[in-house]
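Below is one structure, written out as structure tokens; comments come after it.
The values are calculated or read from the model by the stated rules, or taken from the named source; none is laboratory data. This one's a predicted model, so the numbers in the text were calculated from it and none came from an experiment. Note that each Cβ is placed from the backbone with ideal geometry, even for glycine, and that neighbours are counted across all protein chains shown.
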Amino acid sequence: MYVDIEIISNNTYTNNLFTYKVPNNITDKINIGSIISVPFRNKNYKGIVLSVSDKTNILNIKEINKYLGITLNKDHLDYLKQLAVSNKLNIGIILYNLFDISNYKNQKVITNKSIKNISFANLKNIDTVRNNVFFVPSLKIAKYLSDQLSKITNIDFYQKFGGKDEITNILSKNFKNIILLNTNFEKINLKQNTNYYFYDSNHPAWRLPKLNNLNITEAAYLKQNIFGGSFIFINEFPNLEFYNQPYEYNEDHNYELEYFIENSIENCINLYSYKYPDKVLHVYSNSPLNQTDIFTYADKVTDTKIEAILLINPTLVTNNIINSYKVIYLLSILNHAKNYNLKTIIFSTNEININKVLNSKSINKWIKKEQETRSKYGPSLLNKIFTFISKKPLKDINNNFVKGPIEIDDGYFYEINIDLQKSYDYLEIMNMYKDLKNYDLNRARFI
């Protein structure tokens with residue numbers, strides 16, 4: 001008996017599988033999903049079995065050291081596969097970085113299954129009957145949220161340091177309300193009697209740069225889709241790439257905005273300069289201009305020296321389809337400006353009234369249209385799209401997933417479309433990623 005495994009390590013080994021022989025005395029214990037110990041490059045590593053066969057062409061094959069007493073089931077593997085496929089990673093590196101495997105094996109499917117998005121203003125309506133776990137993107141926000149929630153209910157614990165040992169004892173005790181860093185999401189098992197809140201779930205710190213920007217918010221949606229649980233996302237606006245359930249947006253916006261609307265951005269600049277001669281502002285902008293005689297620019301919106309926000313041609317809706325990423329970005333900037341009493345300046349070459357658009361009765365039609373479009377074409381929670389460009393047409397590509405080419409100015413454009421709702425071969429996709437390792441695969445987010 002032979003097995004193909006991924007090494008559980010902080011290295012993807014370019015999506016390679018490694019083949020080992022199974023000793024006769026443990027063949028009845030080994031299956032797909034089994035966690036084993038293997039000799040690898042003069043050390044012993046953990047590995048996860050991803051295929052089993054009766055023969056191999058490999059000579060001088062090494063044997064497994066031992067079976068570690070854990071075999072993950074289909075649900076466990078499906079979730080890991082979806083995380084890996086979505087982020088151009090493999091299961092081995094994800095297990096190494098995010099999971100306590102001995103704990104994860106005990107995760108069961110929960111019969112209670114609900115998911116919703118609420119605004120920051122609705123935080124006061126949290127469930128005070130059931131247990132609540134709040135995940136946050138930073139220690140600073142953990143402290144802030146604890147202060148806010150303490151006005152409503154008791155907080156048993158919130159993370160202050162972020163170390164691995166800080167939450168070990170907490171999770172083994174009974175609790176009512178606790179606040180954890182989002183990086184601990186995979187360290188816990190979901191329970192029937194607990195609500196899971198994801199505070200400020202659109203914050204950039206939900207993405208993990210060292211893992212190809214794996215988004216823990218997306219992971220939460222995927223996990224809930226497989227295992228269930230009561231999940232509530234708290235944000236300015238739902239991320240419609242992940243959230244595909246009916247949603248009614250009814251916030252009331254009244255931002256103080258100063259518009260400069262002309263036929264060109266140059267004319268906007270001239271109009272501003274005429275109104276405010278000899279005045280230089282330090283601003284944050286979504287699209288910094290070349291002119292530095294009226295503005296200097298901050299790299300981050302959180303720069304404490306910022307005097308104003310400058311938005312160039314902001315757009316929210318195209319062809320009656322809202323772009324939730326643009327809405328999220330715009331609302332985060334406008335709310336920051338409002339909270340810190342910053343002036344907000346709009347340069348636009350089109351007539352626009354941001355408050356009117358955000359308060360429009362049509363916004364829920366636009367939301368539904370984006371959700372329908374994503375459901376049909378992607379990208380969405382279960383439909384992942386990557387694009388890349390080749391200098392010449394490719395031969396022997398995987399036609400099950402790779403579409404193209406389309407000839408463009410600087411080469412040939414290809415699209416990878418992976419529908420996780422359909423039957424797919426995880427190992428085939430890993431092999432495709434390995435074949436395309438020299439190309440820059442860009443994950444599509446927008447529609």
- Task: Keeping to the range 73-94, report how many residues are within 24 Å of Ile416 (Cβ to Cβ) and either free of Cβ contacts under 8 Å to residues at least 60 places away in the same chain or in a helix (DSSP H, G or I) (or both).
- Result: 14
- Query: Counting only residues that are exposed (fewer than 15 other Cβ atoms within 10 Å of the Cβ) and either assigned to a loop (DSSP other than H, G, I, E, B) or under 23 Å from the mean Cα position of the chain (by Cα) (or both), how many does the range 159-174 have?
  - Reply: 9
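For the range 23-37, give me each residue that is within 24 Å of Asp78 (Cβ to Cβ) and either touching a Phe, Trp or Tyr at 6+ places or on another chain (Cβ under 9 Å) or of a type in the set (S, T, N, Q) (or both). Even if it seems obvious, please write down each step before you answer.
Start the filter on the range 23-37 by keeping residues that are within 24 Å of Asp78 (Cβ to Cβ), which leaves 29-36.
Within the range 23-37, Lys29, Ile30, Asn31, Ser34, Ile35, Ile36 qualify.
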- Task: Scan the strands (runs of 3 or more DSSP E) fully inside the range 342-429 and keep the ones with 3 or more residues being of a type outside the set (Lys, Arg) and within 30 Å of Asp4 (Cα to Cα).
- Result: 383-390, 411-419
- Could you please find all residues in the range 19-35 being crowded, with 18+ Cβ neighbours inside 10 Å and either under 36 Å from the mean Cα position of the chain (by Cα) or not aliphatic (A, V, I, L, M) (or both)? Tyr20, Ile30, Gly33, Ser34, Ile35
- Message: Condition check: over 20 Å from Leu240 (Cβ atoms) and crowded, with 16+ Cβ neighbours inside 10 Å. Does Ile429 satisfy that?
- Response: yes
- Task: Would you be able to say whether some residue in the range 357-376 is surrounded by 14 or more Cβ atoms within 10 Å (Cβ to Cβ) and of a type in the set (Asp, Glu)?
- Result: yes
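In the range 127-158, what count of residues is obtained for those that are assigned to a strand (DSSP E or B) and surrounded by fewer than 14 Cβ atoms within 10 Å (Cβ to Cβ)? So that I can check it myself, show each step before the final result.
Of all residues in the range 127-158, those assigned to a strand (DSSP E or B) come to 131-136, 157-158.
If we keep only those that are surrounded by fewer than 14 Cβ atoms within 10 Å (Cβ to Cβ) too, we end up with none.
Total meeting the criteria: 0.
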- Just one of Lys124, Lys160, Lys176 is touching a helix residue (DSSP H, G or I) at 6+ places or on another chain (Cβ under 7 Å) and on the phi < 0 side of the Ramachandran plot; which is it? Lys160
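Filter the range 430-447 down to the residues that are of a type in the set (D, E, K, R), over 17 Å from Ser390 (Cβ atoms) and either outside any loop (DSSP other than H, G, I, E, B) or in contact with a Ser or Thr (Cβ under 9 Å, 6 or more places away or on another chain) (or both) and list them by number. Even if it seems obvious, please write down each step before you answer.
Here is the first cut: in the range 430-447, the ones of a type in the set (D, E, K, R) are 434-435, 437, 440, 443, 445.
Going one step further and asking which of them are over 17 Å from Ser390 (Cβ atoms), we end up with 443, 445.
Arg443, the sole residue that qualifies.
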- Residues Thr12, Thr56: which one is at pLDDT below 95 and closer than 23 Å to Lys187 by Cβ? Thr12
- Unmet requirement for Tyr274, which otherwise passes all of (1) in a helix (DSSP H, G or I); (2) of a type in the set (Ser, Thr, Tyr); (3) touching an Asp or Glu at 6+ places or on another chain (Cβ under 9 Å): (3)
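From Thr315, Thr344, Thr349, which residue is modelled with pLDDT under 95 and not acidic (Asp, Glu)? Working first, answer last.
On the way: Thr344 fails: modelled with pLDDT under 95; Thr349 fails: modelled with pLDDT under 95.
Among Thr315, Thr344, Thr349, only Thr315 is modelled with pLDDT under 95 and not acidic (Asp, Glu).
Does the range 266-280 contain at least one residue that is of a type in the set (Ser, Thr, Tyr) and within 30 Å of the chain's Cα centre (by Cα)?
So far as the range 266-280 goes, no, none of its residues is of a type in the set (Ser, Thr, Tyr) and within 30 Å of the chain's Cα centre (by Cα).
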- Note on the structure: Restricted to the range 187-205 and to residues being touching an Asp or Glu at 6+ places or on another chain (Cβ under 8 Å) and buried (at least 19 other Cβ atoms within 10 Å of the Cβ), the residue nearest to Leu123 (Cα to Cα) is Asn195
- Qualifying residue in the range 247-261 (condition: at pLDDT below 95, in contact with a strand residue (DSSP E or B) (Cβ under 9 Å, 6 or more places away or on another chain), over 30 Å from Leu98 (Cβ atoms) and among the hydrophobic types (A, V, I, L, M, F, W, C)): no
- Query: How about the range 247-258: which of its residues are touching a residue at least 24 places away in the same chain (Cβ under 8 Å) and part of a loop (DSSP other than H, G, I, E, B)?
  - Reply: Tyr247, Glu248, Tyr249, Glu251, Asp252, His253, Asn254, Tyr255, Glu256, Leu257
